[in-house]
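See below for the structure under consideration.
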Amino acid sequence: MTETSTDHTADYTLREKIPCRVFAKASDASIAAANEIATLIRSRAAAGQSCVLGLATGSSPTRVYEELVRLHRDEGLSFANVIVFSLDEYYPMQPDELQSNARFLHEYLTDLVDIDPANIHFPDGSIEKSKVAEFCAAYETKIAEAGGIDLQILGLSRIGHIGCNEPGSERTTRTRMITLDRVTRIDAASNFFGAENVPRHALTMGVGTILESKQIFLLGFGEGKASIILQTVEQDATPAIPASFLQGHAGAEVFLDEAAASGLTRFDTPWLVGPIEWDNSTTRRAVISLATRLGKAILKLTEADYNEAGFQDLLANHGSAYDINLRVFRHLQSTITGWPGGKPAHAKQVGDRPGHRDDIFPKRVIVFSPHPDDDVISMGGTLIRLVDQGHDTHIAYQTSGNIAVFDQDAIRFAEFAGDFCREFQIHAEGLEQLEDHVDEFLRKKRSGQVDSDEIQRIKGLIRRGEAREGARCCGVKDENLHFLNLPFYQTGRVKKAPLSDEDIRITVELLRKIEPHQIYAAGDLSDPHGTHRVCLSAILQACQQCSQDPWYEACAVWLYRGAWQEWAPEDIEMAVPLSPQEVERKRVAIFKHESQKDRALFPGSDMREFWQRAEARNADTAQRYDLLGLAEYAAIEGFVRWDGKTGIEL
């Protein structure tokens, strides 16, 4: 576990108004935070004192709590002297409901350690509304009587709230009921199986309550948090971003992975904070940034442009503007290929650049799709090209995606199955009982209730049929479709089981069966539900196990994006251009996922339909290439090649 440092010696802390600790991976940051919490607990215990922790819920602190449980189990960390105050709770909310923050903390931490139940305090989402103000005042009193919070853990929303202190919350606010922002309710929709089921209110510690904590750890992970981290850390404090009030707090620290830190000046534009080493990657980023800001093609940048942007040392060390422009332009040009699987000798033309293992043609290819639609959404055009160009193309659907189907669709398909059997006088034992169960269960289903096994299976079949139709639109053979149903996903809940040896074994078995020359995997880690991250880890760990197999030497692993974000031109290593006809074919393939059409159950923060997101992002990438002076295309799908070592355990 290593903490990331910048290569230059400039004092970037002048820009960062809250100290930031940046780690290679979210897991590294979480373990570091957990170790500091453990040290505090032990030191307070040694002094005969209690340790008061303020705890947040959500995806960000999960790994912290898992590490604290491990330290308790394996290294004897005792929580006997710990007092816990939960940060917030939905209202109304019973403490035993699936979405309850109280239940979250019990499941992830307090039920798994030796803490005294009397020392666990939660905002009560079940009390009468008339008693809320009295309860909130009493909660503040309990915190004060415990001696105040020694260390507060916070997550960070994409709009900058901490706890449930929505934008507009002032520095002095105390524990209270608050009306949840629309964006907050959309972000929470996945846990409640639809935004309409998310409570409109919550009880939360106030910003002032939080700021009275002696230490504060703010956690931010993933590229989706990069923009709000920049605003929180480097821009002026404002009620519009309640997290920014942590500026000036003597004990506040921000724990980040590299993705979340990517928007900070020292990583995004490090040349603005001091001398740096101008390697190829940094040079590309600087030149593309300069060209984009000036609205110029790369080959039109002048030495005056470089000098005025403060790039004198780049010019001094790497030659003329023309030489630098040409080097960056040629790199971008070299990424563009209409033959993602490589170009065979009979198809090569004068001036063609060699691809990876052009000598192997056709190739065996596996496209891994975390959900049943990620393949066509994120790389449908490339998938079409691979098939049309003759490669033996397989798709591996890693999960069933069964929680992302509306109940009405399950009812419709169950009714169709019954009507079909009756129409053709087919006797299906248990069919009537199944129809009765579906009708009875879904009619009485509570908001956010986990589906029964039968209904999960029906929803899984719906998505399997859609995946099959989408793949057929791209020309993939039915026998080349592999539905893995990885065990980690099969909980019926947004909260998944940890990645297991069985998940990796299933993936390894498929790889060794097909022995692919190319693997495509989702590197779209801004997926708000975390499934992409777990699925990618399963693939990379499987690749590591196969790395000594003879076939693996000729294999390349490409990472795609598109459902939630896209690669930037400076990162892209393979850019596959799409014609207008291929864009249309890709759209039709996405349309086959009818359960996600018009309105997806879990849309995330982007309310556009998935086909609209994909087309907009692909068109934007093509436009960016065009404005930089490259050829003009209708759309481009971008890929980055895995280096064989990073991100194995995400």
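Placing +1 at every Lys and Arg Cβ and -1 at every Asp and Glu Cβ, with all other atoms neutral, what dipole size does the chain have around its Cα centre, in debye to the nearest 20?
The calculation lands at about 780 debye.
Taking the Cα centre as origin and putting +1 on Lys and Arg beta-carbons and -1 on Asp and Glu beta-carbons, what dipole magnitude results for the stretch 503-644, to the nearest 20 debye?
Values: 16 positive and 23 negative charges, 93 e Å.
Around 440 debye, computed over the stretch 503-644.
Hey, can you rank 60-66, 611-617 by average C-beta count inside 10 Å, highest first? Write out the running numbers ahead of the final one.
Numbers: 60-66: 22.6, 611-617: 20.1.
Result, highest mean first: 60-66, 611-617.
Where Lys and Arg each count +1 and Asp and Glu each count -1, what net charge lies around GLY251 among other residues with Cβ under 10 Å from its Cβ? Display every interim value, and only then the final one.
Details: positive: LYS214; negative: ASP150, GLU253.
Within the 10 Å Cβ shell, the charges total -1.
What net charge is computed for the residues neighbouring GLN235, neighbours being all others with C-beta under 12 Å from the C-beta of GLN235, Lys and Arg scored +1, Asp and Glu -1? Working shown, then result.
On the way: positive: ARG15, LYS17; negative: GLU16, GLU234, ASP236.
Here the count lands on -1.
Amide H to amide H under 5 Å from PHE23: which residues, 5+ apart in sequence or cross-chain, H placed 1.01 Å off N in plane?
THR4, LEU256, ASP257, GLU258
Could you tell me the distance between the Cα centroids of the stretch 17-67 and the stretch 598-639, to the nearest Å?
38 Å
Full-extension gain between GLN544 and ASP74, please, as 0.36 nm times their residue separation minus the C-alpha to C-alpha distance. Show your work: numbers first, answer last.
Numbers: separation 470, 0.36 × 470 = 169.20 nm, distance 2.73 nm.
The span from GLN544 to ASP74 would gain 166.5 nm if fully extended.
Using only Cα atoms, locate the centre of the stretch 188-206 and the centre of the stretch 346-363, then give the distance between them in Å, rounded to an integer.
53 Å
Project the alpha carbons of the stretch 377-510 onto their principal axes and report the range along each, largest first, in whole Å.
Cα extents, longest axis first: 48, 41, 25 Å.
Once you have the Kirkwood Rh of the stretch 76-143 from its Cα pairs, apply Stokes-Einstein at 20 °C and 1.002 mPa s and quote D in µm²/s. All intermediate terms of the calculation are to be shown ahead of the outcome.
Working: Rh = 12.8 Å.
The Stokes-Einstein estimate is 167 µm²/s.
When the accessible area of the chain is computed with all protein chains present and a 1.4 Å probe, what percentage of it is carbon and sulfur?
Answer for the chain is 50 percent, counting heavy atoms of protein chains only.
Starting at the first residue of the stretch 496-502, write each ³J(HN,Hα) from the Karplus equation 6.51 cos²θ - 1.76 cosθ + 1.60 with θ = phi - 60°, in whole Hz, x for Gly and Pro.
The phi angles translate into 9, 6, x, 4, 10, 4, 5 Hz.
Could you state, as a whole-number percent, how many of the C-alpha pairs of the stretch 1-106 are farther apart than 18 Å?
On the way: 3382 of 5565 pairs.
Considering the stretch 1-106, 61 percent of its Cα-Cα pairs are separated by more than 18 Å.
Against the empirical 2.2 N^0.38 Å scaling, what ratio does the C-alpha Rg of the stretch 546-650 come to?
Numbers: Rg = 16.2 Å, N = 105, 2.2 N^0.38 = 12.9 Å.
So the Cα radius of gyration is 1.26 times the expected 2.2 N^0.38 Å.
For the stretch 193-347, with every protein chain kept in place, what is the accessible area per residue (1.4 Å probe, Å²)? Could the numbers behind the result be given before it?
Values: 6080 Å² over 155 residues.
Counting only protein heavy atoms, the per-residue value for the stretch 193-347 is 39 Å².
Which of the listed residues, GLY492, THR507, CYS474, is farthest toward the dipole's positive end in the stretch 474-513, when Lys, Arg count +1 and Asp, Glu count -1 at the beta-carbon?
After comparing all options, I get GLY492.
What does the stretch 74-113 give for Rg and for Dmax, in Å, if only its C-alpha atoms count?
Radius of gyration, then largest Cα-Cα span, for the stretch 74-113: 12.1, 39 Å.
The stretch 445-575: percent of C-alpha pairs farther apart than 19 Å? Display every interim value, and only then the final one.
Details: 5271 of 8515 pairs.
Counting pairs separated by more than 19 Å, the tail of P(r) holds 62 percent.
Could you tell me which residue out of THR337, GLY248, VAL387 lies farthest along the dipole of the chain toward its positive end? Charges go on the beta carbon: Lys and Arg +1, Asp and Glu -1, centred on the Cα centre.
Farthest along the dipole direction, towards plus: THR337.
Report, in cubic angstrom per residue, the convex hull volume of the C-alpha atoms of the stretch 368-449.
On the way: hull volume 12.9 nm³, N = 82.
Enclosed volume per residue, from the Cα hull, is 158 Å³.
First obtain the Kirkwood hydrodynamic radius of the stretch 251-402 from its Cα pairs, then insert it into the Stokes-Einstein equation at 4 °C and 1.567 mPa s, and state the resulting D in µm² per second as a whole number.
67 µm²/s
With viscosity set to 0.890 mPa s and temperature to 25 °C, compute the Stokes-Einstein D of the stretch 32-75, Rh being the Kirkwood radius across alpha carbon pairs; µm²/s, no decimals.
220 µm²/s
Using all alpha carbons of the stretch 569-631, what is the percent of pairwise distances in each 10 Å bin, ordered from the shortest bin to the longest?
In whole percents, the pair-distance histogram is 19, 43, 30, 8, 0.
In 10 Å bins starting at 0, how do the alpha-carbon pair distances of the chain split up by percent?
Per 10 Å bin, starting at zero, the Cα-Cα P(r) for the chain comes out as 3, 14, 23, 25, 20, 11, 4, 1, 0 percent.
Magnitude of the Cβ-charge dipole of the stretch 167-208, K/R +1 and D/E -1, about the Cα centre, nearest 20 debye? Could the numbers behind the result be given before it?
Details: 6 positive and 4 negative charges, 36 e Å.
Roughly 180 debye, rounded to the nearest 20.
Ranked highest first by average number of other Cβ atoms within 10 Å, how do 369-378, 391-400, 470-479, 422-431 line up? Display every interim value, and only then the final one.
Details: 369-378: 29.5, 391-400: 24.7, 470-479: 18.0, 422-431: 9.5.
Per-residue Cβ counts within 10 Å, averaged per peptide and sorted highest first, yield 369-378, 391-400, 470-479, 422-431.
Under 8 Å for C-alpha pairs, at least 6 residues apart: give me the relative contact order for the stretch 508-637, rounded to a whole percent. Before the final figure, lay out each step's value.
On the way: 138 pairs, mean separation 33.3, N = 130.
Normalised by residue count, the contact order of the stretch 508-637 is 26 percent.
Quickly rank 229-239, 631-641 as a protection proxy: mean count of other C-beta atoms within 10 Å, highest first.
Details: 229-239: 18.7, 631-641: 20.5.
Ranked by mean Cβ neighbours within 10 Å, highest first: 631-641, 229-239.
In whole percent, what relative contact order does the stretch 156-255 give with Cα contacts below 8 Å and a gap of six or more residues?
Values: 157 pairs, mean separation 37.9, N = 100.
Dividing the mean separation by the residue count of the stretch 156-255 yields 38 percent.
Skip the ligands, DNA and RNA, and give the accessible area per residue of the stretch 402-500 with a 1.4 Å probe, whole Å². Please list the in-between numbers first.
On the way: 5590 Å² over 99 residues.
I get 56 Å² per residue for the stretch 402-500.
From the phi angles alone, apply the Karplus equation (6.51, -1.76, 1.60; θ = phi - 60°) to the stretch 367-380 and give each ³J(HN,Hα) in whole Hz, x where the residue is Gly or Pro.
9, 8, 10, x, 9, x, 10, 5, 4, 6, 5, 8, 9, x
For the stretch 397-415 and the stretch 228-273, what is the separation of their C-alpha centers, rounded to whole Å?
Cα centres, the stretch 397-415 to the stretch 228-273: 41 Å.
So what's the net charge close to ALA261: Lys and Arg +1, Asp and Glu -1, counting the other residues with Cβ under 14 Å from its Cβ?
Details: positive: ARG15, ARG21, LYS25, LYS225, ARG266; negative: GLU3, GLU16, ASP28, GLU223, GLU234, GLU253, ASP257, GLU258, ASP268.
Combined, the nearby Lys, Arg, Asp and Glu give -4.
Lys/Arg Cβ at +1, Asp/Glu Cβ at -1, dipole of the chain taken about the Cα centre: which of ILE229, TRP642, ASN325 is farthest positive-ward?
With unit charges placed on the Cβ atoms, the residue in question is ASN325.
Quick one: Karplus J couplings for the stretch 20-31, per residue in order, coefficients 6.51, -1.76, 1.60, θ = phi - 60°, nearest Hz, x for Gly and Pro?
10, 10, 10, 10, 4, 10, 4, 5, 5, 4, 5, 5
Quickly estimate the mean residue ellipticity at 222 nm for the chain, helices only: each DSSP H run with n ≥ 4 gives -39500 (n - 2.57), and the total goes over all residues, rounded to 500.
Values: 22 runs with 259 residues, N = 650.
Here the helix-only value at 222 nm equals -12500 deg cm²/dmol.
The values are calculated or read from the model by the stated rules, or taken from the named source; none is laboratory data. None of these values were measured; they are calculated from a predicted model. Glycine gets a Cβ as well: all are built from the backbone with ideal geometry, and neighbour counts include every protein chain shown. Just so you know, the surface numbers come from the protein's heavy atoms only, side chains and all, with ligands and any DNA or RNA stripped out. Shrake-Rupley method; radii C 1.70, N 1.55, O 1.52, S 1.80 Å.
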